[in-house]
1. Before we move on, is ASP160 modelled with pLDDT of 85 or more, within 16 Å of ligand 1 (Cβ to nearest atom) and surrounded by fewer than 16 Cβ atoms within 10 Å (Cβ to Cβ)?
2. Give me the pairs, please: first residue somewhere in segment 95-119 and away from ligand 1 (no atom under 14 Å from the Cβ), second residue anywhere and among the charged types (D, E, K, R), beta-carbon distance under 7 Å, and either six or more positions apart or on two chains.
3. Answer yes or no as to whether PHE29 is aromatic (Phe, Trp, Tyr), assigned to a loop (DSSP other than H, G, I, E, B) and farther than 27 Å from ILE245 by Cα.
4. Is one or more of the residues making up segment 82-96 over 18 Å from ILE159 (Cα atoms) and not hydroxyl-bearing (Ser, Thr, Tyr)?
5. Restricting attention to segment 429-440, does a residue exist that is free of Cβ contacts under 8 Å to residues at least 24 places away in the same chain and touching a Ser or Thr at 6+ places or on another chain (Cβ under 7 Å)?
6. Would you tally the residues in segment 208-225 being more than 21 Å from VAL86 (Cα to Cα) and either among the β-branched types (Val, Ile, Thr) or more than 22 Å from the chain's Cα centre (by Cα) (or both)?
7. Any idea which residue in segment 35-63 is nearest to ALA87 (Cα to Cα), counting only those that are free of Cβ contacts under 8 Å to residues at least 60 places away in the same chain, crowded, with 20+ Cβ neighbours inside 10 Å and near ligand 1 (Cβ under 8 Å from one of its atoms)?
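The values are calculated or read from the model by the stated rules, or taken from the named source; none is laboratory data. Quantities reported herein were computed from a predicted structural model and do not represent experimental measurements. Note that we place each Cβ from the backbone using ideal geometry, even for glycine, and neighbour counts take in every protein chain shown.
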Amino acid sequence: MNIPIDQDMLVKLIEDPLVFAESLLIEPFTQQPFRANHVQRIVLSAVRDHDRVAVRVSRQTGKTYGMTVICLWGALRAPNQSVLVVAPDKSKVKTIIDNIDRFLDSNPILARSIVARHGSPYYERKFSNGSRIAGFTLGSRTKRHGESVRSQSADMVVIDEAAYVADEDWRAVNPIIEGGLYRPKTKAVVASTPALASGRFYEIFHNSSLDSVWHRIHVPITENPDFADRVDQIRASCPNDLEWITEFLAEFPDSGVGVFRQSDVHRALAEFVYNFRRARYEVAMGVDWDKYEAGVNIAVVQFNRESGVYELIYREEVQRTEMVLTEAVRRIVELTDLIPNVRAVYVDRGYGDMQLEMLHQEGYRRPSTGLDKKVVGWSFNQKVDVRDPVTGEMVKKRLKDAMISLFQHILEEHRFQFPKTDHQLYRQLLGYHVVSLTQSGPRYNKEGDHVIDAICLALWALRDLEPVFRQAPVGQPMLLPITSSSDGGLHIRPPSSSSSPISLPLMEEKGQMVRRSFAIPGMRSRSFGSGGSRRVF
Ligand SMILES: Nc1ncnc2c1ncn2[C@@H]1O[C@H](COP(=O)(O)OP(=O)(O)O)[C@@H](O)[C@H]1O
Ligand SMILES: [Mg+2]
């Protein structure tokens, strides 16, 4: 770097990442000199003064950007530095490497200092001063357990999304952080929004024996002046309390507490009974298959345009038998014949596509049913687009999390109703809780999971049917809080058009086990034996 700088300034650039960043870096998007935000100032100053810095701050606060700056400082502050960037998945590492490239390319002085860029076998940037920045993905997801990073040594280790790093991966990284004989002063900076209330990242913040080791930074959004004028709006559009707690207050969640608030579930109890005749508006059906435990759950939800309420107007469980999946297909066909205003049938693909195929075949055979178009298969792990409460942009979320989040949101707004006589569902909603938080998302308790999934699929279908519903904020998995939730939340407006009520012929009585034979043209008719029974609630 051949810029005229005096000795004092040079020392500051070397010693102080904040001075380095604000003196040398050009923000790639604005092409203006980089200015650290509130959290970045705290973090960069801490990195100057401490060897171990752990950061938990809210989402979209500039953590990743800050880590990028730290990497650049780490490589340029002295010759022959080795900087390792580590993240739980490749895209996160690539984001930092891309940011590094953009910062380098935005300043001709820095651009000249780069001598090599590699993308394989790992991301690497080499500098004319002999330093390097290398990016690694940790291996637990690929069962390689941080293998590739294990052989590395470093003067600085930067871990982004550190709460999502598995413990076995920490074991690979720890020796590098500890530095060893030749690099005793390795700096480590780890940052994340919290996820699990366990694991290494959690321990760094909660284990008192680490008090003197790690310098900890925690800035909830409510204490971040950069967000002062937006906190209320973000809180209001945050789809659920878990997201608010983890992603914005940057607190570790309490696992094991309920998903749905008791008061919300209680207010969802309605006077009506399960009855097809209630199907007057847009109706969607959700189907969750479970061959081994719960049987097949079918939920029929209608969006009542007049009240703006989602009504669970019917549900049943096709009981577990050898033929339960086939019987359920038969029953779905029958139900969609009985309720002609079923606009969509969203089914879980967890048991393969056979049932989906059978339902589609029925649609081809009898085009008037529209089943080939109405029936859509979903995998709970697939990613769906939902709106981010901070940026307003569409982001990808796991369907299961987004669906549960939507259900919770609708419940919170008191816009979901089911018959108060369905004590089983009431109990299941109250008892539904997160048993563990995993890297791919929360795992819920088994009891009630299937009926809740069926309801969620129906709600998701209604959301898809009407573009207005898509604005309903849905986001991360949820888990009820320690704090009480505000009444905030975007309100989902009912769609403007209205449809004329229709009446339907059949009414089921609640609480009865019904046995009957179904004869669906074109499908092998069989009578339900003991296993073919279904419980109508
Ligand atoms: N100091 C800054 N100046 C300009 N833009 C910034 C700054 N810090 C962050 N950003 C931008 O803000 C957005 C969010 O930052 P990011 O680092 O991805 O947040 P986080 O990792 O906390 O979610 C990014 O698009 C980034 O480009
Ligand atoms: Mg980030």
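1. On the way: modelled with pLDDT of 85 or more: yes; within 16 Å of ligand 1 (Cβ to nearest atom): yes; surrounded by fewer than 16 Cβ atoms within 10 Å (Cβ to Cβ): no.
No, not satisfied.
2. Sorted first by the residue in segment 95-119, then by its partner, the pairs are ALA111/ASP105; ILE114/ARG125; VAL115/LYS126; ALA116/LYS126; ARG117/ARG125; HIS118/GLU124.
3. Spelling it out, PHE29 is indeed aromatic (Phe, Trp, Tyr), assigned to a loop (DSSP other than H, G, I, E, B) and farther than 27 Å from ILE245 by Cα.
4. So in segment 82-96, the residues over 18 Å from ILE159 (Cα atoms) come out as none.
There is no residue in segment 82-96 that is over 18 Å from ILE159 (Cα atoms) and not hydroxyl-bearing (Ser, Thr, Tyr).
5. No - not one qualifying residue is present in segment 429-440.
6. Here the count works out to 11.
7. If we filter segment 35-63 for residues that are free of Cβ contacts under 8 Å to residues at least 60 places away in the same chain, which is where we start, we get 35-36, 40-41, 44-45, 48, 62.
When the remaining residues are screened for being crowded, with 20+ Cβ neighbours inside 10 Å, the result is 36, 40, 44.
Right, trim to near ligand 1 (Cβ under 8 Å from one of its atoms) and you get 36, 40.
Working: ALA36: 22, GLN40: 19 Å.
Here the residue is GLN40.
Condition check ((1) outside the structural domain of PRO442 (by TED's automatic domain parsing); (2) within 24 Å of PHE272 (Cα to Cα); (3) not acidic (Asp, Glu)) across all residues:
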position: MET354; (1), (2), (3): no, no, yes
position: PRO367; (1), (2), (3): no, no, yes
position: SER379; (1), (2), (3): no, no, yes
position: VAL386; (1), (2), (3): no, no, yes
position: VAL390; (1), (2), (3): no, no, yes
position: GLN408; (1), (2), (3): no, yes, yes
position: GLU413; (1), (2), (3): no, yes, no
position: PRO419; (1), (2), (3): no, yes, yes
position: TYR426; (1), (2), (3): no, yes, yes
